[in-house]
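Participant: My questions all concern the structure below.
What follows draws every value from the coordinates through simple rules; no lab data is involved. Predicted model only: the values in this text are computed from it and were never measured. Every residue, glycine as well, gets a Cβ built from its backbone with ideal geometry; the counts of neighbours run over all protein chains shown.
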Amino acid sequence: MRKNEATRLLAVIAETWRGFEVSQGKAAIWSEMLADVPLDLALRTVKYLIACGTPFPPSISEIRKAIVEMSAPLEYQIDALQAWLEASLVTEGYCEEEGMEKLSPLTREVVRALGWETIREGDPEVVRGHFLKFFEMARERWFKEQMLPLELRPPPFELPEPPKRSPTRGIPPLSEEEVQEKRRRYLEVIGTLLKNLEKGAKAPEEKGTETGDQEGCPGEFKESSTLEEYEIFSEGD
């Protein structure tokens, strides 16, 4: 935007909001701070603010913020409640790796910060409160970055990718020697258990044999007694 274009923009604002003064110095400042904004976009932004019922004349920052609101991609236009609903549905219906790709950028950022399992398994009331707060922080930060001219924007910050979960849940893998040692101990334990079971199975058999021998003695004694008695009666006859 050039200085004469800034003067025209200020004239429109002055006609719309009473008490707004136009000067050459103000036009120079507006021209410098809106150098990357075309005049037609700035005029459409003023119409947007008029339609929204802005009670006071807009400042440079309000003009830039309104431009971001008008031109932001759809995935950045959702509010905190819509983002919470999105996160709840996706975490409930998808696994983490697949679900992260379906979330909008700001929602994905907040889900990473809180944790997938926290949103899915945590107390809904507590998690929702933290989610809404974090989303507003992320959304405000994104808007401020987009409002700044390119030469004033900080370098983008990206959250690191979370480490993939291993089946061992953080336990370091065993070396080959440790695996062999555990296998040897396992086989020793199994062998000891089998021997104990075998001894336990033989014990009742041996006990039964001893019992049978003990019970057989009276029978033999009775049989021999009967035989002797029979011989005695035979001699008497």
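Participant: Between their Cα atoms, which of 65/102; 102/164; 102/144 are more than 21 Å away from each other? Don't jump to the answer; show the numbers that get you there.
Facilitator: Details: 65/102 27 Å; 102/164 18 Å; 102/144 25 Å.
From 65/102; 102/164; 102/144, over 21 Å: 65/102; 102/144.
Participant: Of 36, 123, how do they rank once you tally other Cβ atoms within 10 Å and put the fewest first?
Facilitator: On the way: 36 12, 123 9.
Arranged by neighbour count, lowest to highest, 36, 123 become 123, 36.
Participant: Sequence neighbours fewer than 8 away in the same chain don't count; with that in mind, list the lysines whose C-alpha is under 24 Å from residue 199.
Facilitator: Answer for residue 199, where 24 Å is the Cα cut-off: 207, listed by chain and number.
Participant: Indicate the gyration tensor shape class of the range 75-152 (rounded, prolate or oblate), computed on the Cα atoms with a ≥ b ≥ c the square roots of the eigenvalues: a/c under 1.5 is rounded; otherwise a/b larger than b/c is prolate and the rest oblate. Can you show the working numbers first?
Facilitator: Working: a/c = 2.45, a/b = 1.77, b/c = 1.39.
Because a/c hits 1.5 or more and a/b exceeds b/c, the range 75-152 counts as prolate.
Participant: For a footprinting-style exposure proxy, rank 190, 63, 29 by other Cβ within 10 Å, fewest first.
Facilitator: Neighbour counts put them in this order, fewest first: 190, 29, 63.
Participant: So, one more: For the peptides 134-144, 148-158, what is the packing order when you average, over each peptide's residues, the other Cβ atoms within 10 Å and list the highest mean first? Could you put the intermediate results ahead of the total?
Facilitator: Working: 134-144: 16.4, 148-158: 8.4.
Averaged packing, sorted descending, gives the order 134-144, 148-158.
Participant: Could you list 186, 76 so that the one with the fewest beta carbons within 10 Å of its beta carbon is first and the one with the most is last?
Facilitator: Working: 186 10, 76 16.
Result, fewest neighbours first: 186, 76.
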